[in-house]
Amino acid sequence: MIKFFKNNSLPVLFMLVTGFSSFAQSAKEKSPAEYVNPYMGNISHLLVPTYPTIHMPNSLLRVYPERSDYNGDLLNGLPLIITSHRGSSAFNLSPFQGELSDLKPVIKFSYDLEEIHPYSYHVYLDEQETTVDYGLSSQSAKYIIQFEKEKESHLILNSRNGMLSWDGEAISGYQIIGNNTKIYIYLIPKQKPEKVQVLAENAKLSLGTKAEGRNASIVLSFSKSQSQLELPYGVSFINEQQAKSNYLREVKGKTLAKLQEEGKEIWDEALGKMQVEGGSEADKNVFYTSLYRSYERPVCISEDGRYYSAFDGQVHDDNGRAFYTDDWIWDSYRAHHPLRVLLDPKQEEDIIHSFILMAEQMDHNWLPTFPEVTGDSRRMNSNHGVATILDASEKGLNNFDLEKAFQASKAAITEKTLAPWSGKPAGELDDFYKEHGFIPGLREGEEETIPEVSGFEKRQPVAVTLGTAYDEWCLAVLANKLDHKTDFAKFKKEALNYRNLFNTETKFFHPKDKNGEFITPFDYRFSGGIGARNTYGENNGWTYRWDVQHNVADLIDLMGGREAFVENLDATFAEPMGRGKREFYTQLPDQTGNVGQFSMANEPSLHIPYLYSYAGAPWKTQKRIKKLIHTWFRNDFMGVPGDEDGGGMSSFVVFSQLGFYPVTPGLPIYVIGSPFFQKSEVSLENGNTFTIIAENFAEENKYIQSATLNGKSLDKPWFTHKDLENGGTLVLKMGKKANKNWGSKPENAPPSFKF
């Protein structure tokens with residue numbers, strides 16, 4: 001109860017209220033990096049969880065605690081570098097106090113009191129009674145190990161497959177990580193060891209300063225009086241001397257506190273390019289954590305103006321342009337690269353330039369599909385790097401050779417086989433596609449005879465046909481820009497090849513055999529084997545029903561018009577799983593995060609909720625987006641519904657929480673959803689700011705009543721990249737119930753299939 005006092009009671013009350021308000025406001029103020037929760041999604045619903053990665057934005061050096069997931073009871077030593085997203089540590093560090101007979105190449109630690117930020121790591125090894133603190137830069141880092149026991153201590157440095165040596169000052173060496181690629185290390189203990197030994201794979205100790213082979217391990221031993229170890233190090237893909245240079249450039253002379261302080265400043269600057277106000281604290285956690293995850297890949301591997309390329313096994317001068325790799329383009333083209341266009345267009349130009357260099361460095365001038373540190377692994381289906389190139393070009397990015405990009409893209413789609421997970425040249429399957437305009441499926445019991453087809457990944461005929469049609473639309477637009485008339489006519493025609501598999505009776509994309517007959521009987525939920533790979537790819541026919549990103553207007557016509565299209569979308573969210581969860585996910589483990597047959601957990605579904613806006617029902621997009629994200633993306637250990645491929649899915653969350661999404665990479669437009677914050681600002685590299693304001697903002701007010709863009713009425717549920725790039729303000733007046741008329745007219749629908 002508030003008491004009023006005589007005389008000066010009102011000023012006193014005013015001071016109390018305003019003072020409390022100011023305190024509450026300042027207490028709530030956090031920097032963007034402080035909203036990041038690296039633990040979000042660390043327990044998976046079914047497949048691979050997220051990992052709490054400590055790294056600088058897009059940096060070569062990344063680490064996270066090595067364990068199965070957050071529930072992992074033991075740490076597998078301490079990591080020194082994770083060489084690929086979701087990979088394991090290339091080098092391992094184990095501080096140890098105990099009997100020499102208990103030494104192993106990698107010690108498993110019981111732990112507690114773990115604290116992770118994007119720029120720092122702290123953990124207490126409770127049984128060892130040892131405290132670990134960590135800070136890092138882009139290519140070098142530092143551990144500080146504090147022992148509580150007054151005992152002789154040991155430090156085990158392990159290379160799982162390589163060589164390590166001690167020269168009296170530092171441990172240096174390498175690990176082979178695949179495809180003749182090596183990662184090098186140079187680690188300088190600030191405290192000199194009393195003894196140096198080699199630990200063999202069989203855990204046998206011997207005096208020596210060099211270890212080679214599997215689980216090559218060097219053991220440094222320190223006296224009882226040495227309670228703290230300071231361990232700075234550098235890493236490199238070039239050589240040991242470069243690893244040392246990276247350490248000297250980034251870490252030498254800096255305290256751990258200074259490293260962590262600088263790291264936080266770097267993260268605040270990167271994440272601060274997008275500022276949000278209003279909305280719940282949980283939504284801010286989800287937003288900034290998703291934004292942080294979008295900076296994990298691709299990684300810059302330029303080191304002092306040089307980089308090692310696994311695409312040709314050579315060290316190259318980067319000629320002043322950073323070289324990037326580790327990019328799973330099959331999904332990152334959808335939202336991750338469009339987000340990078342907003343966050344750092346110059347960096348995006350360097351990334352695309354890197355794609356072009358990769359193609360030139362490989363045996364064939366084929367655009368990469370799954371470039372990793374160890375080269376292009378050619379995973380998944382289709383060749384969506386061309387969509388990334390087109391999207392950047394259409395949004396005004398031009399600091400790369402568009403002609404070279406087109407030729408490498410064209411070659412990757414016409415000269416390399418379309419068979420999933422294959423880097424082989426085009427063959428019989430591709431000849432069939434070029435003649436008939438679709439990939440044929442196999443009937444039940446029909447034997448696979450084409451050598452380029454993976455025994456496990458299969459043909460994925462519908463997924464490949466639809467994905468290639470989209471890629472060929474991208475090629476057509478590029479050919480038109482470059483005035484390649486013959487290519488333009490060819491690819492424009494082939495961009496409609498998805499029609500060849502549309503079943504006009506069922507309104508689904510349906511596999512055909514080599515004779516052009518629909519394969520029956522067929523179940524759009526369960527036919528196709530494990531992951532539906534005999535027909536689709538990881539997802540079933542209900543997901544691929546909507547995989548025509550480049551021509552949604554035509555898909556509406558194929559389904560019988562706007563009303564039928566919306567009914568079919570509704571059916572996707574309402575159709576029962578058809579089996580118990582155990583049986584469903586045994587066959588379709590990637591299709592988690594279900595709402596009916598819709599999967600929130602796999603990237604081919606990301607654009608589906610936005611398709612209502614193409615058919616006159618943008619209010620349903622607004623409804624779906626709010627519920628989907630609040631259901632499946634949460635600030636907790638299970639807060640991500642499926643595989644988060646280093647930004648592929650998280651970028652969808654960033655866009656959607658801002659209030660818009662790029663449904664068709666390659667078309668420079670954004671479809672409006674429903675904002676999660678009262679005010680959001682996107683700071684652009686050109687100095688402009690694009691602002692989204694939600695009037696009447698409240699949790700329950702998810703529906704747009706009206707909109708203005710730069711003060712002018714906006715009756716369409718989309719805007720252009722040029723609108724965003726020029727800066728300005730999008731004001732969305734929100735309400736509790738849907739205005740079903742706003743943005744519903746046919747002439748206001750987002751465009752499709754533009755040239």
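Worth a mention:
- Here's the list of aspartates and glutamates a cross-link from LYS108 could span, going by alpha-carbon distance under 13 Å and ignoring same-chain residues fewer than 8 apart: GLU66, ASP73, ASP126, GLU127.
- The residues ARG86, ARG340, ARG443, when put in order of fewest to most other Cβ atoms within 10 Å, stand as ARG443, ARG86, ARG340.
- Positive dipole terminus of region 106-244, leading residue within PHE147, SER159, ILE116 (C-beta point charges): SER159
- MRE, 222 nm, helices only [DSSP H, n ≥ 4, -39500 (n - 2.57), over the chain, to nearest 500]: -8500 deg cm²/dmol
- Filter on LYS679/LYS733; LYS30/LYS623; LYS346/LYS485; LYS623/LYS754 - keep pairs with C-alpha separation over 21 Å: LYS30/LYS623; LYS346/LYS485; LYS623/LYS754
- Rg(Cα) / (2.2 N^0.38 Å) computed for region 617-755, rounded to two decimals: 1.04
- Label point 7 Å beyond Cα of LEU74 along Cβ direction - residues of region 186-223 with amide nitrogen under 14 Å: none
- Take the Cα radius of gyration of the chain and divide it by 2.2 N^0.38 Å, N being the number of residues; the result is 1.01.
- Kirkwood Rh in Å, taken over region 119-173 so that all alpha-carbon pairs contribute: 13.5 Å
- Between HIS122 and LYS679, the modelled labels are 3.4 nm apart [label points 7 Å from Cα along Cα→Cβ].
- R0 of 35 Å, Cβ-Cβ distance LYS740-GLU360: FRET efficiency to nearest 0.05: 0.10
- Fully extended contour minus Cα-Cα distance, from SER88 to THR209, at 0.36 nm per residue: 41.0 nm
- Cβ-defined net charge surrounding TYR35, 9 Å radius [Lys, Arg +1; Asp, Glu -1]: 0
- 13 Å beta-carbon shell around THR465, net charge (K/R +1, D/E -1): -1
- For region 37-267, the spread of Cα positions along each principal axis, largest first, Å: 45, 38, 35
- Loop-resident sites, region 647-695, for GluC sites (Glu not before Pro), counting at most 11 other Cβ within 10 Å (DSSP): none
- Straight-line cross-link reach from LYS745 at under 12 Å between alpha-carbon atoms covers these aspartates and glutamates, not counting any fewer than eight positions away in the same chain: ASP715.
- Rough spin-label spacing in nm, given labels placed 7 Å along Cα→Cβ, for LYS434 and GLU115: 6.2 nm
- Segment ASN399-VAL48, length gained on full extension (0.36 nm per residue, minus Cα span): 122.8 nm
- For region 211-361, the equivalent ellipsoid derived from the Cα gyration tensor has semi-axes of 32, 26, 15 Å, listed largest first.
- Too-long pairs where the Cα-Cα distance tops 30 Å, listed order kept, from LYS395/LYS507; LYS244/LYS416; LYS244/LYS395; LYS404/LYS434: LYS395/LYS507; LYS244/LYS416; LYS244/LYS395
- Among CYS300, CYS474, the ranking by other beta carbons within 10 Å of each residue's beta carbon, starting with the fewest, stands as CYS300, CYS474.
- Here the extension length gained between GLU29 and LYS224 equals 65.7 nm, from 0.36 nm per residue of separation less the Cα-Cα distance.
- Modelled FRET efficiency - R0 35 Å, ARG582 with SER101, Cβ distances, 0.05 increments: 0.20
- Neighbour counting of Cβ atoms within 10 Å sorts the residues LYS404, LYS745, LYS458, fewest neighbours leading, into LYS745, LYS404, LYS458.
- Note on ASN180 and GLU563: with the Förster distance fixed at 56 Å, the Cβ-Cβ geometry gives a FRET efficiency of about 0.45.
- ARG378 sits among other residues whose Cβ lies under 14 Å from its own Cβ, and their net charge, with Lys and Arg +1 and Asp and Glu -1, is -4.
Every read-out reported here was derived from the displayed coordinates using simple, explicitly stated rules and does not represent laboratory data. Everything quoted here is computed from the prediction, not taken from an experiment. When we count neighbours, we look across all protein chains shown, and the Cβ atoms used for this are built from the backbone with ideal geometry, even at glycine.
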